[in-house]
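Remarks on the structure that follows.
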Ligand code: DC
């Protein structure tokens, strides 16, 4: 059966990774979470003291970046653990400190070039579901299936808040909403690879969809893209 590349872009906290992971496990494809890669670089910068308030020591980060190893370890439950230079950083990269510092890191040209190169290598064999902000526009402009996911910022903040509190992170809904809005602004206004739907992307607003509904919707688009139909619909 022909293998394709599925590119899933969209705003932060709109359930991209949940739907991408589900599609990957259903189709036997490999899931690649590119946001985790930018988060891992951000954690590296924090751990190495490269932040001074809001300013970043970009010269040191640029010198260090070729030596930063970001890999994923698949887990039996279908999740992936992000490794930074071999160390499990999955929990740390999801916290509020990394979340509040990742957008300026992801706006740096040399960081994007290094991540895009890695992402292209990961997809050489096709058969991947990759989620991010620029997958359909920059990383894989020729991807056979491109989805752009969005939802209202208040719905997204509520989802993210529920996720963080479930994991025991202490935060408030207002703080999370502010973070979602800030990231939307920086992600869509940055000079390099700003967040926008590819011209040929299919737009999905999932504000009022259940996870099961969006999974079915995506699976149908996937079957169409590989030239099959869903026997259940
Ligand atoms: O999807 P996420 O929230 O884990 O992404 C973290 C940050 O990384 C987000 O602010 C946008 C940025 N990002 C990006 O610029 N390009 C990507 N392909 C993926 C994420």
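Take the residues in segment 3-25 that are more than 13 Å from the ligand (Cβ to nearest atom) and assigned to a strand (DSSP E or B); name whichever of them is farthest from the chain's Cα centre (by Cα). So the residue we want is 5.
In a residue-by-residue description of segment 99-118, the property of being more than 11 Å from the ligand (Cβ to nearest atom) and closer than 28 Å to residue 163 by Cα applies to no position.
Is there a residue in segment 140-161 that is within 12 Å of the ligand (Cβ to nearest atom) and over 19 Å from residue 39 (Cβ atoms)? Scanning segment 140-161 turns up at least one residue that is within 12 Å of the ligand (Cβ to nearest atom) and over 19 Å from residue 39 (Cβ atoms). Considering each residue of segment 173-195 in turn, at least one proves to be more than 16 Å from the ligand (Cβ to nearest atom) and in contact with a helix residue (DSSP H, G or I) (Cβ under 7 Å, 6 or more places away or on another chain). When segment 170-191 is filtered for residues that are outside any helix (DSSP H, G or I) and surrounded by 15 or more Cβ atoms within 10 Å (Cβ to Cβ), the ones remaining, listed by number, are 171, 190.
Being under 15 Å from residue 6 (Cα atoms) and either modelled with pLDDT under 90 or surrounded by fewer than 11 Cβ atoms within 10 Å (Cβ to Cβ) (or both) is the filter here, so list the residues in segment 204-227 that pass it. Of everything in segment 204-227, just one residue is under 15 Å from residue 6 (Cα atoms) and either modelled with pLDDT under 90 or surrounded by fewer than 11 Cβ atoms within 10 Å (Cβ to Cβ) (or both), namely 227. The residue of segment 192-203 that is farthest from residue 22 (Cα to Cα), among those that are under 17 Å from the mean Cα position of the chain (by Cα) and surrounded by fewer than 18 Cβ atoms within 10 Å (Cβ to Cβ), is 192. Of the residues screened, residue 151 is one that is within 22 Å of residue 206 (Cβ to Cβ), surrounded by fewer than 24 Cβ atoms within 10 Å (Cβ to Cβ) and touching a helix residue (DSSP H, G or I) at 6+ places or on another chain (Cβ under 9 Å). Residues of segment 143-169 that are in a loop (DSSP other than H, G, I, E, B) and in contact (Cβ under 8 Å) with a residue 12 or more places away in the chain: 143, 144, 151, 152, 167, 169.
The values are calculated or read from the model by the stated rules, or taken from the named source; none is laboratory data. Just so it is clear, the structure is predicted and the values come from calculations on it, not from any experiment. Counting neighbours? That spans all protein chains shown, and the Cβs are built from the backbone with ideal geometry, glycine included.
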